[in-house]
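The values are calculated or read from the model by the stated rules, or taken from the named source; none is laboratory data. Note that the structure is a prediction, hence the values are computed from the model and not measured. In this analysis, Cβ positions are derived from the backbone assuming ideal geometry, glycine residues included, and neighbour counts consider all displayed protein chains.
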Amino acid sequence: MESDSPGAPGVGAFPLVLLAGGKSSRLGSPKGLVDVAGAPWLERQLARFAAAGGTRALVVTGFDTQAYAAALRWFTRAAAPLAAVDVAGVSVTVVENPMPERGPFSSLACALAHDAARTAPGVWVLPIDCPLASPTTLRALAEALTPHVEAVIPTYESAGGHPVLLASTFVAHLVTVPAGADDARLDRQLHARPASAIARVAVDDTCVRQNLNTASDWATAALERVAAITLVDRARPGNRPA
């Protein structure tokens, strides 16, 4: 596991919100359950977060909750009230979006209402179909979250990407936005903030711009860096996919 620079805010200070509540209509099956070198993509993402120093994650599901529950033996335990289950080295809680048809922002709102998000200095936000950035990138983003910054966005070749790091002050604002409002979208909320409140960090990491939506995307994506991460939790009884 790579450590953070002395004196800098650590990657692990911020829980990871993994948004997996969509229909996966273009792929035809839950993206988090795609097999990547013998393990579910969701667990690969969690292991990569652990390798960067991450310790806490909120996994939000919606349309495919039952499929995840059937495939991942730890899932039901992690979805229990007040539960947190160790998966791939990360303490994981499953949060179900009861109305996923309202879109990704409703899933984000479900996670931000959780105590793990509300009591943290900020949160990482990552759609399940975006590979998590490298440990080096995550550290650079964490270091950019200074007291007057509300959000940090990585950029590659001048284009914004994921994960986005949201400060607790911005999280407190987002939970007040009605799920059905016209501006109930994270991108619109970010665009509405003063430019000085958003830090954009240029990184040499193509992962921040990747989106894995279709079978072709998954077939052509270079996922070797993610797949190389050891899944420390998979050897433990009760935590293997069924």
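Some values worked out for this structure:
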| item | result |
| --- | --- |
| Test: Leu138 is in contact with a His (Cβ under 6 Å, 6 or more places away or on another chain) and buried (at least 20 other Cβ atoms within 10 Å of the Cβ) | no |
| Failed item, numbered, when Asp233 is tested on (1) touching a helix residue (DSSP H, G or I) at 6+ places or on another chain (Cβ under 8 Å); (2) closer than 24 Å to Val87 by Cα; (3) modelled with pLDDT of 80 or more | (3) |
| Single residue of region 141-161 satisfying the filter (part of a loop (DSSP other than H, G, I, E, B), more than 18 Å from the chain's Cα centre (by Cα) and not hydroxyl-bearing (Ser, Thr, Tyr)) that is surrounded by the most Cβ atoms within 10 Å (Cβ to Cβ) | Val149 |
| Residue in region 92-103 that is in contact with a strand residue (DSSP E or B) (Cβ under 8 Å, 6 or more places away or on another chain) and part of a loop (DSSP other than H, G, I, E, B) present | yes |
| Lone qualifier among Ala142, Ala83 - being touching a Gly at 6+ places or on another chain (Cβ under 9 Å), more than 16 Å from Leu19 (Cα to Cα) and among the aliphatic types (A, V, I, L, M) | Ala142 |
| Tabulated pairs, region 174-195, first farther than 14 Å from Gly103 by Cβ and part of a loop (DSSP other than H, G, I, E, B), second of a type in the set (D, E, K, R) and at pLDDT 95 or above, C-beta under 9 angstrom, 6+ apart or interchain | Arg193/Glu150; Pro194/Glu150 |
| Residue satisfying all of: in region 162-184; within 22 Å of Asp115 (Cα to Cα) and over 18 Å from the mean Cα position of the chain (by Cα); surrounded by the fewest Cβ atoms within 10 Å (Cβ to Cβ) among these | Thr176 |
| Some residue of region 62-74 being under 20 Å from Gly103 (Cβ atoms), in contact with an Asp or Glu (Cβ under 9 Å, 6 or more places away or on another chain) and outside any helix (DSSP H, G or I) | yes |
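Residue by residue, here is whether (1) touching a residue at least 60 places away in the same chain (Cβ under 8 Å); (2) over 18 Å from the mean Cα position of the chain (by Cα) holds:
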position: Ala37; (1), (2): yes, yes
position: Gln45; (1), (2): yes, no
position: Phe49; (1), (2): yes, no
position: Ala52; (1), (2): yes, no
position: Thr55; (1), (2): no, no
position: Phe63; (1), (2): no, no
position: Tyr68; (1), (2): no, no
position: Ala71; (1), (2): yes, yes
